[in-house]
Amino acid sequence: MDIKKQDTALLVVDPQNDFLSETGATWGLVGDSVTENNTIGNIDLLFRTAKRADFAVFISPHYYYPTDHGWKFVGTVEKIMHDINMFGRAGALTLEGFKGSGADWLERYKPFIEDGKTVVVSPHKIYGPENNDLALQLRKRGIGKIILAGMSANLCVEAHLRELIEQGFEVAVVIDATAGARHPELGDGYKSAIVNFGYIANAVVTTQEVVAAMAA
């Protein structure tokens, strides 16, 4: 995949406290994988390099509002997320209680996300971007290629990969800028995602490979 700023963007999925902070709601499940992959530092480096090289940067966040807890049915991991109030916000039109919450950005990423240039699209509600405005925002800017990173590997990242591929985008997944949950019954989410990335993505790359390509 030919990475160039004219038609390539960095997309980071769910760079939020509930995934990436040691006090986040899911750290007990994802923490070991995040630490082993240096996920936090690698996402930071991707942000820094993209900004320095003038690449477009997009964020696809995950939020739940009080009304979302009125759903009549949910999947296995959805139920867990609702039960622990993961990505919870007070409402769609208020930032009350947002700062420092599990739904907020990891603090070290805020200078990159809140610089007035990064595009934060509307929230996805389950895993993929089918119901937010990500594809619209990308196409309106002439973006056809995606460098994909964020959380978590086998859920939201893989779901974004699949949908973007179906929508006709080229996608390179940054294998060490993501991580997955380890669950005693459900298994290792990161390992399951690695297999599918290889089958589906246009490229599977490391952070250092992306940094070199962006700087070229």
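Is it the case, given these coordinates, that ALA153 is of a type outside the set (S, T, N, Q) and touching a Gly at 6+ places or on another chain (Cβ under 6 Å)? Considered against the rule, which asks whether it is of a type outside the set (S, T, N, Q) and touching a Gly at 6+ places or on another chain (Cβ under 6 Å), ALA153 comes out as yes.
Hey, any hits in segment 60-81 for a residue that's more than 24 Å from LYS191 (Cα to Cα), over 15 Å from the mean Cα position of the chain (by Cα) and surrounded by 22 or more Cβ atoms within 10 Å (Cβ to Cβ)? No, segment 60-81 contains no residue that is more than 24 Å from LYS191 (Cα to Cα), over 15 Å from the mean Cα position of the chain (by Cα) and surrounded by 22 or more Cβ atoms within 10 Å (Cβ to Cβ).
If you go through segment 105-121 and keep only what is in a loop (DSSP other than H, G, I, E, B) and either over 13 Å from PRO61 (Cα atoms) or within 13 Å of the chain's Cα centre (by Cα) (or both), you end up with LEU106, GLU114, ASP115, GLY116, LYS117, VAL121. Consider segment 136-153 and keep the residues that are farther than 13 Å from THR8 by Cβ and over 11 Å from the mean Cα position of the chain (by Cα). The one that is surrounded by the most Cβ atoms within 10 Å (Cβ to Cβ) is GLN137.
Select from segment 96-121 the residues that are free of Cβ contacts under 8 Å to residues at least 24 places away in the same chain and under 19 Å from HIS69 (Cβ atoms) and write down the one among them that is surrounded by the fewest Cβ atoms within 10 Å (Cβ to Cβ). Looking at the filtered set, the residue picked out is GLU96.
So that you can scan it fast, the table gives a plain yes or no per residue for (1) in contact with a Ser or Thr (Cβ under 9 Å, 6 or more places away or on another chain); (2) part of a loop (DSSP other than H, G, I, E, B); (3) over 16 Å from THR39 (Cα atoms):
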| residue | (1), (2), (3) |
| --- | --- |
| ASN131 | yes, yes, yes |
| LEU138 | no, no, yes |
| ILE143 | yes, yes, yes |
| HIS160 | yes, no, yes |
| GLY168 | no, yes, yes |
| VAL171 | no, no, yes |
| ALA179 | yes, yes, no |
| GLY198 | no, no, yes |
| VAL210 | yes, no, no |
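Conditions tested, residue by residue: (1) among the hydrophobic types (A, V, I, L, M, F, W, C); (2) within 22 Å of THR49 (Cα to Cα).
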| residue | (1), (2) |
| --- | --- |
| LYS79 | no, no |
| PHE98 | yes, no |
| ARG108 | no, yes |
| GLU114 | no, yes |
| THR118 | no, yes |
| TYR127 | no, no |
| GLN137 | no, yes |
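Quick note: the coordinates plus some simple rules give every number you see, no bench work behind them. Note that this is a predicted model, so its numbers are computed, not measured. Cβ: placed from backbone, ideal geometry, glycine included. Neighbour counts: every protein chain shown.
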